[in-house]
1. Quick one: which residue in B:K153, B:K106 is more than 16 Å from the ligand (Cβ to nearest atom), facing chain A (nearest Cβ under 10 Å) and at negative phi?
2. Test of understanding: among A:A244, A:A236, which residue is touching a Pro at 6+ places or on another chain (Cβ under 7 Å) and within 14 Å of chain B (Cβ to nearest Cβ)?
3. Examine region A:78-93 for a residue that is at pLDDT 95 or above, open to solvent by 10 Å² or more (accessible area, probe 1.4 Å), closer than 25 Å to A:G198 by Cβ and not basic (K, R), and state whether such a residue exists.
4. Could you list, ordered by first residue, the pairs with Cβ atoms under 6 Å in which the first is in region B:83-95 and closer than 8 Å to B:V121 by Cα and the second is assigned to a strand (DSSP E or B), at least 6 apart or interchain?
5. Conditions first: (1) open to solvent by 30 Å² or more (accessible area, probe 1.4 Å); (2) within 16 Å of the ligand (Cβ to nearest atom); (3) among the small types (G, A, S). B:A98 passes all but one, so which condition is the exception?
6. List pairs: first residue in region B:229-242 and modelled with pLDDT of 95 or more, second residue of a type in the set (G, A, S) and surrounded by fewer than 14 Cβ atoms within 10 Å (Cβ to Cβ) anywhere in the structure, Cβ distance under 8 angstrom, at least six positions apart or on different chains.
7. Would you confirm whether or not region B:271-281 contains a residue that is within 22 Å of B:S199 (Cβ to Cβ) and at pLDDT 95 or above?
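The values are calculated or read from the model by the stated rules, or taken from the named source; none is laboratory data. These figures come from a predicted structure and were not determined experimentally. With ideal geometry, Cβ positions are generated from the backbone for all residues, glycine too; neighbour counts draw on all protein chains shown. Surface accessibility is based on the protein's heavy atoms, side chains included, excluding ligands, DNA and RNA. Shrake-Rupley method; radii C 1.70, N 1.55, O 1.52, S 1.80 Å.
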Amino acid sequence: MTFRIGQTLSSLALGLAVATTALTPVAWAAGASDTDQERAARWQEIAKSIFGDRQIAQTDSLVKIDAPARALDAALVPITLTMPNDGQIKAVSLIIDDNPAPYAAKFEFGPAADPAELKLRVRVNNYTDMHAVVETQDGKLYEAKQFVKASGGCSAPMGMSDEEAMKGMGDMRMKFAETGAGKPVEATLMVRHPNFSGMQMNQVSREYTPARYIDKLTVSAGDQKVFTLTGDISIASNPVINFAFKPDGKPIQVAASDNQGGHWQHSFNPPAPTN
Amino acid sequence: MTAPAVHPRAFPGGRALSRRSALFGGLCLCCLPTLGRAAESFTMAEVGPGIFVRKGLIADATPENADAIANIGFIVGQNGVLVTESGGSLADGQWLRAEIVERTQKPITHVVLTHVHPDHVFGAGAFVQDKPVFIGHAKLTEALSARGEFYRKRLIDLLGEDRTGPVVYPTMTVADTAEIDLGDRRLTFTAHGPAHTTSDLSMIDSGSGLLFPADLLFVNRIPSLDGSLKGWLTEVERLKAMGPTRAVPGHGPVVVDLAPALADLTGYLTTLRDGTRAAIAKDVSIEKAVDTVARDQRDKWALFDTYNGRNVTVAYQELEWE
Ligand SMILES: [Zn+2]
């Protein structure tokens, strides 16, 4: 029995947020052992606080969440949201039920969007259900769910000082995948920003580094909006977002702001379509 | 290679040792400093004149093994004892201190904190009573400030507070190089740039010519990346240029020939770098990259499945901004 406990703890090492050769984290925190009923009740509460009394139907077709069942790095959990019904999706919200601030992100799509696939990286603080809720053009809500095992993603200290983590804050890059004429273009937006969660403690000052995170990010193709992202502390540091847009030859504009008044703007030229 | 590569699934010692240590652990977790382990599973090897090293387990920390997973040891000099690595917990450090006291009556004058990782620093609490100089990299204080309590809490969850011990900070820091004279031998320290971590300190003993690279050198156990991949490859060249031929790695055998061990390490790190770069260039996502990059190294390293994906995640974040 002791042997079995040891093994179980060992396998939990995968959930540790900070790289180390040594330490097996223990996910005994509240949430790891909750029952399905407890999780469902918590989701009801969160859904109500975000969407009020609106009905949310289950879906396996309008939105799908792909996340690792067990995170390799709780401070960087890659998420893919697949929404195959082009034209039907108005917005998608990602909620990480057991994170300190569950409402991780909301993407509101504009006319230049192709929301078929969206990728982002988040922090996961606990064993948790993750919910994606889409709003269709006719104003209805649909949800999909996935369970993720991870712990400590929000409080995990960064591997550097706060000053170092803030170096180049607001720098951006955009990469475009090759694409055929008339097809949506896949793009990767990278933003330098520590996205401090407010839960990372500096032991010398005995103070938490104040939360500083990207709260609004808008991407446009020419005058047409691709999406507006409303973000929170659950988004991993140095945010990276993969998305697709309908090109019209005009530059891609990105405007980002954070909760402490930081504001940054960049413009990128997408490649000319090749046939 | 100085020792055969070990496949994680074909590593008989791992499971057997866990089972055995688990049994002993169940009987006697409190009887420090024996660590509750089978006595024969831990011995000090004399790897050079007056240089003793204990081989760490190729495993992760568990309640039974007290985080005794790094190679730790000490050097007996004319004027005193220098602890090369203190251990992974207070319990592990107390075990080491008992081994020292058994062999010499000389004072313990120096304890090296080779980098921020818990398996290398939490033994230091056992030596506070000796009032030694705690030697560390100039960046170690900052790194311990950020992470020490985080590590300690998780170690307490595993071992309990009594066996974990305090976070001990360096009292002498090295920004570039430094030298300690033990009377009959000198220890030369080098503070490295970001590599395995951002606080890697290596040491060369003039008496034996042995290099103590700590976790800048992993043997058999898969290297874990927590600093800078490109930086690590740079620091490997620096270690070579220092000229030693044999070394005591942070994990693996107690002593190895340096050149082939560094070649294996470099083999993994360059495969990781090139594979991650190629994935980024081809727009392969991070979640796909963790399953595909460096797979051909799998049979060469113990604990590959536990750490390779993490290493790819760290490498990807470093290299995607190139
Ligand atoms: Zn280490």
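1. B:K153
2. A:A244
3. yes
4. B:E85/B:I72; B:S86/B:V111; B:G87/B:I72
5. (2)
6. Once the first residue is modelled with pLDDT of 95 or more and sits in region B:229-242, its partners that are of a type in the set (G, A, S) and surrounded by fewer than 14 Cβ atoms within 10 Å (Cβ to Cβ) give B:K240/B:A259.
7. Yes, because at least one residue in region B:271-281 is within 22 Å of B:S199 (Cβ to Cβ) and at pLDDT 95 or above.
Yes or no, residue by residue, for (1) away from chain B (no Cβ under 14 Å); (2) in contact (Cβ under 8 Å) with a residue 40 or more places away in the chain; (3) farther than 20 Å from B:K288 by Cα:
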| site | (1), (2), (3) |
| --- | --- |
| A:K64 | yes, yes, no |
| A:L72 | no, yes, no |
| A:M83 | yes, yes, no |
| A:G87 | yes, yes, yes |
| A:K90 | yes, yes, yes |
| A:I95 | yes, yes, yes |
| A:D98 | yes, yes, yes |
| A:F107 | yes, yes, yes |
